[in-house]
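Trainee: Pasting a structure below so you can have a look.
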Amino acid sequence: MGIAATKGILAGTMLFRRDAKRDRFERLTEQIFPSLFGTALRLTRDREEASDLAQEAVIRAYEAFERFDGRNFKAWMLRILTNLYINKYRQRKRAGISDSLEDEHTAEPVAPEGTTPDRILFDNLVGAEVEEALGRVPTDFRTAVLLSDVEGLTYEEIAEATNVPIGTVRSRLARGRAILRKELEQYALEQGYIRKEQ
Amino acid sequence: MSEFLDVHALADNEADASTAKAVEEAMQRNPQLRSEFDSILLIKQTLQGHCKGVHCEETWSACQDRLAQIERSDRVTGFVSKYSWQLCGSFVVLVLFAGLWTRSTNQSRSLDPSQVPTIAGFSPMSSSTADEFGFRKYLSEWQLQGIFRTNVDGRAVWRYDMVDGRGPFQIFVTPNVNHIEGACRREVQGLNCYSWVHKGAQFIVVADRDHAELEQIAQRINGMP
């Protein structure tokens, strides 16, 4: 019997066969992992914490892979990651650390009258500044903005990921974008990209 | 407030047809709403353009390692739970085989004469029924004083306490031995002993005599029918 035949027999046995489930899961996860890790990093704003969060999300997802409905894998993974983050965030909130705003149903215009024209503001920004401004948006609003504008999830998917009604997602998005724009404007003023009278 | 939220919904492609139409009309009437819509689109573009992918090879590699560990553990757990009865059965069979092999190996191995003084636990036997080798019958010139039996490493060992004109001597017999390991003539604790194999059994004769006399005893025994 040749070596190839022996290997074939070994590969065919239960102990030596590479799991098809893991193969499929790894293929799918590898494609969306930069998004997953990016979201984790933008939520936690700490590389080590983001790495732990992303790994935990991958493990949880692998264990629950049989329950994946086969529709949108990225949304499903982001849902697991966001849920994990929210649970941790809630623990921190209980411990008295919170950066969320109380009245999240208050919508405000993103571009109120008399503010800097958008083109002047946005054209001068670079990636690090945008990330910095995004990091200053309170967690709940940042999560909604990230999932919608960076990762392209639908309102329904964001509602599932964050365990809130769609109405809350809508108001969080509006509020989050308004805060983000203010932060970007403030940053541009500090850096001298724009002047107050612009 | 609702109008603003509808503008966001339109920018996000989440508004249904009637809402979208109503918002479009409202934006034509209200430049502030149009400006809001443009601003939302610019924020979305900015975020998509600036929030680039993050270097994550190390974390992905760590994830793969953890997945491999989980898979290995799942495979072993699955294999053990699926074949638990077979594994237990194989283990029992293995133990039985090992026992039988050890037993058969020990049984065919000869007794080392140096072991003789350390053999303990001899039980006296009734000399009329236990004289398997016929010493009483064929060697009537020797006086048989007692027959004892014990087990050494799972093997039966008989001891015959004899007396002849020269004094006492002992014969140890171990059945099922075909060859002897080591020398035939030995001295153990000040006594000479002579060991040999005859008719599938090992004999050791021990006495305070020289080896030539012990050999004569051996020849006498070998001469038995």
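The values are calculated or read from the model by the stated rules, or taken from the named source; none is laboratory data. Every value quoted in this text rests on a predicted model; they were computed, and no experiment measured them. With ideal geometry, Cβ positions are generated from the backbone for all residues, glycine too; neighbour counts draw on all protein chains shown.
Trainee: Give the residue, chosen from A:GLU104, A:GLU129, A:GLU63, that is at pLDDT below 90 and either facing chain B (nearest Cβ under 9 Å) or buried (at least 19 other Cβ atoms within 10 Å of the Cβ) (or both). I'd like the intermediate steps shown before the answer.
Mentor: Values: A:GLU104 fails: either facing chain B (nearest Cβ under 9 Å) or buried (at least 19 other Cβ atoms within 10 Å of the Cβ) (or both); A:GLU63 fails: at pLDDT below 90.
None of the other options fit; the residue is A:GLU129.
Trainee: Of all residues in the stretch B:33-51, how many are free of Cβ contacts under 8 Å to residues at least 12 places away in the same chain and more than 7 Å from chain A (Cβ to nearest Cβ)? If you could, list the steps in order and put the result at the bottom.
Mentor: Keep residues of the stretch B:33-51 that are free of Cβ contacts under 8 Å to residues at least 12 places away in the same chain, which gives B:34-35, B:38-39, B:42-43, B:45-51.
Filter once more, keeping what is more than 7 Å from chain A (Cβ to nearest Cβ): B:34, B:45, B:49.
Total satisfying the criteria: 3.
Conditions tested, residue by residue: (1) at the interface with chain B (Cβ under 8 Å from one of its Cβ atoms); (2) part of a helix (DSSP H, G or I).
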| site | (1), (2) |
| --- | --- |
| A:ASP23 | no, yes |
| A:THR29 | yes, yes |
| A:PHE33 | yes, yes |
| A:LEU41 | yes, yes |
| A:GLU48 | no, yes |
| A:ILE59 | yes, yes |
| A:ASP69 | no, no |
| A:ALA75 | no, yes |
| A:LEU78 | no, yes |
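Trainee: Let me ask you something else. Taking the stretch A:28-43 as the search range and keeping residues that are surrounded by 20 or more Cβ atoms within 10 Å (Cβ to Cβ) and free of Cβ contacts under 8 Å to residues at least 60 places away in the same chain, which one is farthest from the chain's Cα centre (by Cα)?
Mentor: Per the criteria, the residue is A:THR29.
Trainee: So, in the stretch B:212-225, exactly how many residues are more than 15 Å from B:ASP164 (Cα to Cα) and surrounded by 15 or more Cβ atoms within 10 Å (Cβ to Cβ)?
Mentor: Counting residues in the stretch B:212-225 that are more than 15 Å from B:ASP164 (Cα to Cα) and surrounded by 15 or more Cβ atoms within 10 Å (Cβ to Cβ) gives 0.
Trainee: Continuing with this model, one more query. Within the bounds of the stretch B:164-177, is there any residue that is at pLDDT below 80 and in contact with a helix residue (DSSP H, G or I) (Cβ under 8 Å, 6 or more places away or on another chain)? Step through it out loud before you land on a result.
Mentor: Our first condition is that a residue be at pLDDT below 80; within the stretch B:164-177, this holds for none.
There is no residue in the stretch B:164-177 that is at pLDDT below 80 and in contact with a helix residue (DSSP H, G or I) (Cβ under 8 Å, 6 or more places away or on another chain).
Trainee: On to the next question. Out of all the residues in the stretch B:186-225, which are within 41 Å of the chain's Cα centre (by Cα), more than 16 Å from B:PRO117 (Cα to Cα) and touching a residue at least 12 places away in the same chain (Cβ under 8 Å)?
Mentor: Within the stretch B:186-225, B:TRP196, B:VAL197, B:HIS198, B:GLY200, B:ALA201, B:GLN202 meet the criteria.
Trainee: Return the pairs, sorted by first residue and then second, in which the second residue is at pLDDT 70 or above and of a type in the set (Ser, Thr, Tyr), the first residue lies in the stretch B:97-109 and is assigned by TED's automatic domain parsing to the domain that holds B:ARG155, the beta carbons are less than 7 Å apart, and the residues are 6+ apart or on different chains.
Mentor: Within 7 Å, no pair qualifies.
Trainee: Check whether at least one residue in the stretch B:76-95 is touching an Asp or Glu at 6+ places or on another chain (Cβ under 6 Å) and either over 22 Å from A:LEU180 (Cβ atoms) or without any contact (Cβ under 8 Å) to a residue 24 or more places away in the chain (or both), and report yes or no. Reasoning before the result, please.
Mentor: Start the filter on the stretch B:76-95 by keeping residues that are touching an Asp or Glu at 6+ places or on another chain (Cβ under 6 Å), which leaves none.
No, the conditions are met nowhere in the stretch B:76-95.
Trainee: From the set of residues in the stretch B:52-88 that are surrounded by fewer than 14 Cβ atoms within 10 Å (Cβ to Cβ) and within 8 Å of chain A (Cβ to nearest Cβ), which is modelled with the lowest pLDDT? I'd like the intermediate steps shown before the answer.
Mentor: Step one: of the stretch B:52-88, the residues surrounded by fewer than 14 Cβ atoms within 10 Å (Cβ to Cβ) are B:52-53, B:55, B:57-58, B:61, B:65, B:69, B:72-73, B:76-78, B:80-82, B:84-88.
Next cut, within 8 Å of chain A (Cβ to nearest Cβ) only: B:52-53, B:58, B:76, B:78, B:82.
Values: B:LYS52: 73, B:GLY53: 70, B:GLU58: 91, B:VAL76: 86, B:GLY78: 84, B:LYS82: 83.
Among those that are surrounded by fewer than 14 Cβ atoms within 10 Å (Cβ to Cβ) and within 8 Å of chain A (Cβ to nearest Cβ), it is B:GLY53.
Trainee: Which numbered condition in (1) at pLDDT 90 or above; (2) surrounded by 19 or more Cβ atoms within 10 Å (Cβ to Cβ); (3) of a type outside the set (Ser, Thr, Tyr) is the only one that A:GLY167 fails?
Mentor: (2)
Trainee: Still on this structure, I have one more. Can you give me the number of residues within the stretch B:8-31 that are within 9 Å of another protein chain (Cβ to nearest Cβ) and surrounded by fewer than 15 Cβ atoms within 10 Å (Cβ to Cβ)?
Mentor: Qualifying residue count for the region: 1.
Trainee: Further question on the same structure: Only residues that are within 24 Å of B:ALA98 (Cβ to Cβ) and either of a type in the set (Ser, Thr, Tyr) or surrounded by fewer than 19 Cβ atoms within 10 Å (Cβ to Cβ) (or both): list them for the stretch B:153-167, please. Steps first, answer last, please.
Mentor: Going residue by residue through the stretch B:153-167, those that are within 24 Å of B:ALA98 (Cβ to Cβ) are B:153-157.
Scanning the stretch B:153-167 gives B:ASP153, B:GLY154, B:ALA156.
Trainee: Take the conditions modelled with pLDDT of 90 or more and farther than 30 Å from A:PHE33 by Cα and apply them to B:ASP16. Does it pass? Can you show your working first?
Mentor: Working: modelled with pLDDT of 90 or more: yes; farther than 30 Å from A:PHE33 by Cα: yes.
For B:ASP16, the condition - modelled with pLDDT of 90 or more and farther than 30 Å from A:PHE33 by Cα - is met.
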